[in-house]
Amino acid sequence: MFDTAFLDLPALRSASGTVRLPGSKSISNRVLLLAALCEGRTVVRDLLDSDDTRVMLQALRQLGCGVVVEGTTAIIDGLGDRVRQPQAELFLGNAGTAMRPLAAALAVLGGDYRLSGIPRMHERPIGDLVDALRALGCSVQYLGQEGYPPLHIGQPRLQLDQPIPVRGDVSSQFLTALLMALPLAARQQDVVIEVVGELISKPYIDITLKLLARFGVAVRRDEWARFTIPAGSRYSTPGEIHVEADASSASYFIAAGALSESAAGQNGLKIEGVGEASIQGDIRFVDAARQMGARIESGPNWLRVARGAWPLKAIDLDCNHIPDAAMTLAVMALYADGASTLRNIASWRVKETDRIAAMATELRKLGATVDEGADFIRVTPPAGATAWQAASLHTYDDHRMAMCGSLAAFNPAGLPVRIEDPKCVAKTFPDYFETLFALAQPAVDVPVICIDGPTASGKGTLASAVARRLGYHYLDSGSLYRLTGLAARRAGHELDAANEATLSALARCLPVRFTADGVCLGDEDVSDAIRTEAAGMDASRVSALPGVREALLNLQRDFARLPGLVADGRDMGTAIFPHAALKVYLTAGAAQRAERRHKQLISKGISAKLADLRADLEARDARDENRAASPLKPAQDALLLDNSQLTVEQSVDQVLGWWQARQPFRSS
């Protein structure tokens, strides 16, 4: 997961291959709570691993539920109709799928509970659910603003003789919460829920009803206005249940497939884990995408998507049945042949953020004309490629704003897109960006930052820190030469011109892998082995051989992958990436570099003489500057950075400042 302040996406041309989607958030948290309310054990497979499911699992543990998680499988030992911990303070983040149904279930069961979340959760209305619970005889008090969490739940005095009214026009989660909680009260008599007003997001209620049936509770419904939980209802475990892949998450890849240019050998984008037979309402996004021109095939548990009509066709659509996935249509509208209107989306206003206002604001940054109302949004796309703008998109701590925003990278102007706070996707799809990058082909060169300089100038420390701040890949080119030297020594080869062909063949097949903690040769972590003074000398020897340098050239260039690369070495900007977007050449005197190296060695318990280190560095500089192949020197367009008196953080800030100055993003 990208834990950076922002993530820059280069312009994308297409996405192809196969993607396996994570489990549905809506289904995952419903299943977890239902499993907890059963007697006995339930094995939940393909569970989504996200912020929302983690807070639900933690809450169930606090309530005394047995919880074991192994990868995407959770084993839940249920509570039945009796909570083992009658008192608890539950923090539920910004997970509406945890807050609403847990509040209802605990209010029916009774106890002493406090339910809270992040500040945004305390801005999301829950008053209609609380009103319904109070009409039922539950004890629910507001601990802050009236109508909003946090809540205190006490002991109920249930009154089941009258239908329980609940508004249906604000959030379907209120009705879902009651449907999941009331089987706990329907022991002796039927319990009836009556919906006041028009019920929105009916497909989400359908998911709830189908899952209740899987857990032994068959709810009768009269249209979408009256629901009856039969007397004698009791949850029973299905033993094992699989969570479908998230249909809302599928919408981003359906869109990516519809936006992708066709290329030889590509057969569209295949999405595994969900098909048109899904129980999730958001699968109807497929119909909307087809209306816009996407070519979509479906089979059992899979979809295949490719571009059809281009530009996409503008639509005017009632989106009440796909409230979450409809956000993706708003971004697809940027690529349409006219204005598109999405209607009946008032529920957007009370989600993780006010999504109508947020979407309007961010699409305008990209060059669109946007009109918004209480329950609609109308998007007129930019008037041609030249009207598109490179924008820094605010995400409002809303996972769907971030994932939708990424689709703007397919713009016809070849402009990058910046996604602020990319880690917010952790709510439902922690690996979203990594998944997208594995499928996407860039429309432009992948951005590369080169940091060159002499031995012990701090290139590696600076480059790896810059890469972390940007969320880019990191290439320590010097380690490749050190690895070649190490592999050659282990194979018994001398590091001289006589063995150039052998060493080149070895370098061409180096099984190198960079990890967060170091460098691996095959499966062995050799980070320490290649950082010795002897390994450094060996690196200089093999780097002087033209055949080795040629062998490692393509290997190094292959590290330029989405979303970008920071490469350090001695000729990154001159020989390996001559067209890099930014080239930095570190300068520092031999005295300062020798002192740094001396401190490093002493800290590792390695004795060394400062004078010897300086002499060695000066000799190595002379050898590198005068070698026949790619002598060490700054690229003509490199920026010089003398870090003799700078801290690492100051050097990082300087490089990032230069980088930011070259970016085209608009933030407002």
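The values are calculated or read from the model by the stated rules, or taken from the named source; none is laboratory data. The model shown is predicted, which means the values in this text are computed figures rather than measured ones. When we count neighbours, we look across all protein chains shown, and the Cβ atoms used for this are built from the backbone with ideal geometry, even at glycine. To get the accessible areas, we keep the full protein, side chains included, count just its heavy atoms, and leave off ligands, DNA and RNA. Shrake-Rupley method; radii C 1.70, N 1.55, O 1.52, S 1.80 Å.
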Yeah, region 69-124 with a ≥ b ≥ c from its alpha-carbon gyration tensor (a/c under 1.5 is rounded, else prolate when a/b outruns b/c, oblate otherwise) is oblate
Given the candidates Gly168, Cys138, Leu102, the one whose Cα lies deepest towards the positive end of the charge dipole of region 79-227, counting +1 at each Lys or Arg C-beta and -1 at each Asp or Glu C-beta, is Leu102
For region 422-555, the dipole about the Cα centre with charges only on Cβ (Lys and Arg +1, Asp and Glu -1), to the nearest 20 debye, works out at 340
Between the residues Leu415, Val446, Thr42, the Cα farthest towards the positive end of the dipole of the chain, that dipole coming from +1 and -1 charges on the beta-carbon of Lys, Arg, Asp and Glu, is from Thr42
Of the accessible area of the chain, computed with a 1.4 Å probe and all protein chains kept, carbon and sulfur make up a percent value of 48
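Protein chains only, probe 1.4 Å: how do Met180, Met537 rank by accessible area, largest first? Could you put the intermediate results ahead of the total?
On the way: Met180 5, Met537 50 Å².
The most accessible residue leads, giving Met537, Met180.
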Heavy-atom accessible area of Met359, protein chains in place, probe 1.4 angstrom, given in Å² to nearest 10, is 0
Amide H contacts under 5 Å for Ile345, restricted to residues at least 5 apart in sequence or on another chain and with H modeled in the peptide plane, are Phe376
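Find the percent of Cα-Cα distances in the chain that exceed 51 Å, and round it to a whole number.
Tail of P(r) above 51 Å: 24 percent of Cα pairs.
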Mean separation of Cα contacts under 8 Å (at least 6 apart) over the residue count of the chain, i.e. the relative contact order in percent, is 14
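Considering only the other residues whose Cβ falls under 13 Å of the Cβ of Gly564, what net charge follows from Lys and Arg at +1 and Asp and Glu at -1? Before the final figure, lay out the partial values.
Numbers: positive: Arg418, Arg468, Arg469, Arg561, Arg662; negative: Asp8, Asp445.
It works out to a net charge of +3.
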Accessible-area order for Leu656, Leu640, Leu483, largest to smallest, probe 1.4 angstrom, reads Leu640, Leu656, Leu483
In order over region 80-94: 3J(HN,Hα) from phi, Karplus 6.51/-1.76/1.60, θ = phi - 60°, whole Hz, x for each Gly or Pro, gives x, 9, 9, 6, 7, 10, x, 9, 6, 10, 10, 9, 10, x, 10
The long-range amide H neighbours of Tyr474, using H built 1.01 Å from N in the peptide plane and a cut-off of under 5 Å, are Val566
A chain fully extended from Glu70 to Phe514 at 0.36 nm per residue, minus the present Cα-Cα distance, gains in nm 157.2 nm
With all protein chains in place and a 1.4 Å probe, Cys424 shows an accessible area in Å² (nearest 10) of 10
Cα-based Rg then Dmax for region 191-253, in Å, read 14.2, 44
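Is there a quick way to get the dipole size of the chain? I mean about its Cα centre, with the Cβ of Lys and Arg at +1 and of Asp and Glu at -1; what is the value in debye to the nearest 20?
Working: 71 positive and 77 negative charges, 48 e Å.
Once rounded to the nearest 20, the dipole reads 240 debye.
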Computed over region 1-109, the convex hull of the Cα set has an average projected area, in nm², of 8.8
Expressed in square angstrom to the nearest 10, the accessible area of Thr208 with a 1.4 Å probe stands at 0
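Quick one: work out the % antiparallel among DSSP beta bridges in region 120-256, nearest 5.
Values: 10 of 14 bridges.
Roughly 70 percent of the beta bridges in region 120-256 run antiparallel, per DSSP.
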Listed by chain and number, the lysines with an alpha carbon less than 30 angstrom from that of Lys427, same-chain partners under 8 positions apart left out, are Lys25, Lys202, Lys210, Lys270, Lys351, Lys365
Counting as exposed only trypsin sites (Lys or Arg not before Pro) in DSSP loop states with no more than 15 other Cβ atoms inside 10 Å, the longest exposed-site-free span of the chain is 188-560
If N is the residue count of region 234-273, its Cα Rg over 2.2 N^0.38 Å rounds to 1.87
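Leaving out ligands and nucleic acids, and using a 1.4 Å probe, what accessible area per residue does the chain come to in Å²? Working shown, then result.
Numbers: 25520 Å² over 668 residues.
Per-residue value: 38 Å².
Could you work out [θ]222 nm for the chain from helices alone, using -39500 (n - 2.57) per DSSP H run of at least four and dividing by all its residues? Round to the nearest 500 deg cm²/dmol.
On the way: 20 runs with 228 residues, N = 668.
Rounded to the nearest 500, the figure is -10500 deg cm²/dmol.
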The chain: antiparallel bridges as % of DSSP beta bridges, rounded to 5, reads 55
For region 575-589, in residue order, the Karplus 3J(HN,Hα) values (coefficients 6.51, -1.76, 1.60; θ = phi - 60°; whole Hz; Gly and Pro = x) are 10, 7, 10, x, 9, 4, 5, 9, 10, 10, 10, 6, 10, 6, x
